[in-house]
Amino acid sequence: MKKIVTLCILFTMIACVAAIAGGKKTKEYRYEIVPMGVGSQGTTLIKVYSYAKSEKAAVELAKENAVHGVMFKGVVGGNGSSAQPPLVKPEEKEMHQDFFYDFFENGTYLQYVSLSSDGIVSSNDRLKVGNLYKIGIIVSVNKAELRKYLENEGVIKKFGSIF
């Protein structure tokens with residue numbers, strides 16, 4: 001009987017360690033996106049409201065949030081622009097979770113985004129929410145190049161591909 005209890009405890013410990021080691025790499029994103037009109041060809045012009053402990057951190061976070069939003073949430077229509085669906089389908093996001101984790105952690109996303117307002121934050125776009133700052137910044141995401149990169153990496157299907 002003692003051996004059975006010991007084996008059960010050992011099995012439970014191994015299962016817990018395996019679950020922790022095989023855990024998914026995720027990051028929680030908190031932001032809002034507002035369309036700002038039509039950008040130059042192949043780009044999406046949006047205002048991203050990011051939350052952070054400092055204004056400077058929120059401005060830097062806006063770049064990452066903008067790319068994340070274009071990839072996974074899409075952009076609603078407005079201000080002269082039409083609605084844009086997300087580049088990545090939920091099943092593609094799930095299948096390539098490690099790729100996306102590395103994409104954001106390594107800073108690869110920075111190749112596809114630029115601040116359109118040079119990091120200058122209007123007083124209307126600066127709010128203190130609890131212990132965080134909510135900062136709105138206009139960002140341009142090079143959606144065409146981002147799509148091409150994701151297609152070449154085999155993460156999403158090529159545009160117009162049937163299979």
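The values are calculated or read from the model by the stated rules, or taken from the named source; none is laboratory data. Computed from a predicted model, the values in this text were never measured in an experiment. Don't worry about glycine lacking a Cβ; one is built from the backbone with ideal geometry, like all the others, and counts go over all protein chains shown. SASA here: full protein model, heavy atoms, side chains in, ligands and nucleic acids out. Shrake-Rupley method; radii C 1.70, N 1.55, O 1.52, S 1.80 Å.
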Seminar exercise, completed: Residues of segment 98-114 being open to solvent by less than 40 Å² (accessible area, probe 1.4 Å) and either touching a residue at least 60 places away in the same chain (Cβ under 8 Å) or not in a helix (DSSP H, G or I) (or both), in sequence order, are 104, 107, 113
For this session: Write out, first by first residue and then by second, each pair whose Cβ atoms fall under 7 Å of each other, whose residues are 6+ apart or on separate chains, and whose first residue, in segment 69-92, is on the phi > 0 side of the Ramachandran plot and free of Cβ contacts under 8 Å to residues at least 24 places away in the same chain while the second is part of a loop (DSSP other than H, G, I, E, B) and surrounded by 15 or more Cβ atoms within 10 Å (Cβ to Cβ).
Result: 74/86
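Only one of these is touching a Leu at 6+ places or on another chain (Cβ under 8 Å), part of a helix (DSSP H, G or I) and crowded, with 17+ Cβ neighbours inside 10 Å: 88, 70. Name it. Break it down stepwise before answering.
Details: 88 fails: part of a helix (DSSP H, G or I).
Every option except 70 fails the conditions.
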For this session: Could you check residue 120 against (1) open to solvent by less than 50 Å² (accessible area, probe 1.4 Å); (2) in a loop (DSSP other than H, G, I, E, B) and say which number it fails?
Result: (1)
Exercise. What about residue 137, is it among the β-branched types (Val, Ile, Thr), within 26 Å of residue 37 (Cβ to Cβ) and in contact with a Leu (Cβ under 7 Å, 6 or more places away or on another chain)?
Worked result: yes
